[in-house]
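The numbers here are math on the coordinates, done by the rules we state, and not lab data. Worth saying up front: this structure is predicted, and the values here are computed from it rather than measured. Cβ placement follows ideal geometry from the backbone for every residue including glycine, while neighbour counts extend to all protein chains displayed.
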């Protein structure tokens, strides 16, 4: 092949960028159609209640240890770091309020969702991806069962409804993490700490955190299902689907976190 | 090409001018095929000849680019989802790898199809369990495997369970995707016998795809050869040894020299 001139190289470079942009647009289009189909099946019978119950258990109950551990250390670290920062302004009494508001509005939902993205999003993509490459999804179709209803709807409903419950648990444990550090290490008065924490909280702090949790739960489960459902090419394809599910979900959680925070900022 | 035996006026399955491409690769290039009620057609051909794609088109798991498929004069191509699901519920499919659902025990795999068949009264789990045990017995498996997970079974036993699942809803049409691949000769012969018995018991019409000539000779009442997306020969099993077709001769006798060139990518 003759060497390319500058114009040729420029066209090659632009073509590479163009192909990449087209790929991203194609994925965005497929994802939009997938989400629309999944959500429409969520409200249309038949429902597979056994599968829905099983996913509530797997995604909700089984995520409790990892979410609880994340929350307790987050609250504890916030109290310690808050003490360092606020002591400089002679305002360490702000710690209970800072811990409570930070955990309920931001760190509870975001960190719990990121942990669930790693645990649940990856598992969903791997399970559905394996079902795709071993023809189990085709088998569902041949057995007159819609795979969207049988596989996707239970997981998406579990993400939407279980994530807020997990975040309620994370909020309580997170505040208690701050409480333990403040009372036993920083020697705060226990009852004053708890009263200050409760007084500092507004209803909207908790509501905004729970709305975020529901949105993040949708993101994690939808992206897990989308990547698994479209996986191709054996074990390598399933591996790629699993990685993409976690990476895309984590990035989208942080992206939507900003816009939801802005939405609730003035409320 | 040898003429097939005389067919009744309305074939059970009629395929006309079926075309399917992936990108620039033509996989099916104008397939014309009629299968009479009660016939057992075996389609032979090498890897990549389009056999699996043809089966997936018959099940409407893939939409063809052109041509038509009709089951008892009811058009499958271009039909809405409900019609496709209704036509599909009259078919049973044995997948190459079994495609058993890992998350369900053996008996639930077998009973899966039973409730889905339209027009049948719904049954409870105990009745479904009993029916599954009956169906497992027809493929030579005892009740002791019913509560095992598919991953605890050998490859041959998984194939038997998959066959029990395919015939559980008593379909009118049975499709077999390489039923003996990966099995030792004795197990392969046992599966062939079970296929013959199931097809006869149900009075079903069967289409199998395989490259195992022993299996093809045993289960076929008619054999067709697929090469580069076209049916290049169609006749009775007795005719395959002296067909005069060089492609079929090379395939049947397993010779590497002949008109069929192995597609090996250069290193």
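Here are some notes:
- At 0.890 mPa s and 25 °C, Stokes D of chain A from Kirkwood alpha-carbon radius, µm² per second: 119
- Sorted peptide list for A:217-224, B:152-159, criterion being average Cβ within 10 angstrom, highest first: A:217-224, B:152-159
- Taking B:94, A:64 and counting other C-beta atoms within 10 Å, the order from fewest to most: A:64, B:94
- Inter-label distance for residue B:221 and residue A:49, nm, one decimal - labels placed 7 Å from Cα along Cα-to-Cβ: 4.5
- Simple spin-label estimate for residue A:240 and residue A:258 gives 2.8 nm between the two label positions (7 Å along the Cα-to-Cβ direction from each Cα).
- Within 10 Å of the Cβ of each residue in A:192-202, the mean number of Cβ atoms contributed by other protein chains is 0.
- Counting only DSSP beta bridges with both residues in chain B, the antiparallel share comes to about 55 percent.
- Stretch gain in nm, segment residue B:22-residue B:74, where the contour uses 0.36 nm per residue and the Cα spacing is subtracted: 16.1 nm
- Fraction of the pair-distance distribution of the range A:53-212 above 21 Å, Cα-Cα pairs, percent: 53
- The order of A:42, A:225, going from fewest to most other C-beta atoms within 10 Å of their C-beta, is A:42, A:225.
- Of every Cα-Cα pair in the range A:118-216, the percent that sits beyond 24 Å: 49
- Of the residues B:78, B:30, B:254, the one that moves most in a GNM of chain B with alpha-carbon contacts below 10 Å is B:254.
- From the C-alpha gyration tensor of the range B:17-61, square roots of 5λ in Å: 20, 12, 10
- Segment residue B:214..residue B:241, full-extension length gain: 8.5 nm, with 0.36 nm per residue of separation and the alpha-carbon distance subtracted.
- The alpha-carbon atoms of the range B:157-218 define a convex hull whose volume equals 73 cubic angstrom per residue.
- Gaussian network model of chain A, springs between alpha carbon atoms under 10 Å - residue of A:90, A:214, A:125 with greatest fluctuation: A:90
- A simple spin-label model places the labels of residue A:161 and residue B:261 6.1 nm from each other, with each point 7 Å out along Cα-to-Cβ.
- Dimensionless Rg over Rh [the range B:161-267; C-alpha; Kirkwood]: 1.01
- The mean sequence separation of alpha-carbon pairs under 8 Å and at least six residues apart, normalised by the residue count of chain A, gives a relative contact order of 30 percent.
- Across the range A:7-51 the C-alpha pair distances fall into 5 Å bins from zero in the proportions 5, 18, 13, 13, 11, 9, 9, 7, 6, 5, 3, 2, 0 percent.
- Space enclosed by the convex hull of the alpha-carbon atoms of the range B:43-174, per residue, Å³: 133
- Debye log10 I(q)/I(0) for chain B, one point scatterer per Cα, at q = 0.08 Å⁻¹: -0.33
- Distance cut-off 22 Å, percentage of C-alpha pairs in the range A:148-267 lying past it: 51
- Projected over every direction and averaged, the convex hull enclosing the alpha-carbon atoms of the protein assembly as shown yields 34.9 nm².
- Antiparallel bridge percentage (DSSP; both residues within the protein assembly as shown; nearest 5): 55
- Residue-normalised convex hull volume from the C-alpha trace of the range A:208-267: 56 Å³ per residue.
- FRET E, pair residue A:39, residue B:10, Förster distance 45 Å, beta-carbon r, rounded to 0.05: 0.60
- Summed over qualifying helices (DSSP H, 4 residues or more, each -39500 (n - 2.57)) and divided by its residue number, the protein assembly as shown shows a 222 nm mean residue ellipticity of -17500 deg cm²/dmol.
- Compared with the dominant Cα axis of chain A, that is its longest principal axis, helix A:122-133 is turned about 20°.
- DSSP beta bridges confined to the range B:158-245 are antiparallel in about 50 percent of cases.
- Among A:255, A:226, A:216, the residue with the largest mean-square fluctuation in a Gaussian network model of chain A, with springs joining Cα atoms closer than 10 Å, is A:255.
- In percent, rounded to a whole number, the relative contact order of chain B is 25, using alpha-carbon pairs under 8 Å and six or more apart.
- Legend: ranking of residues B:40, B:103 from fewest to most surrounding C-beta atoms inside 10 Å; resulting order B:103, B:40.
- For the residues of A:129-142, the average number of beta carbons from a partner chain within 10 Å of their own beta carbon is 6.
- Taken residue by residue and averaged, Cβ atoms of other chains lying within 10 Å of the Cβ of B:94-106 number 4.
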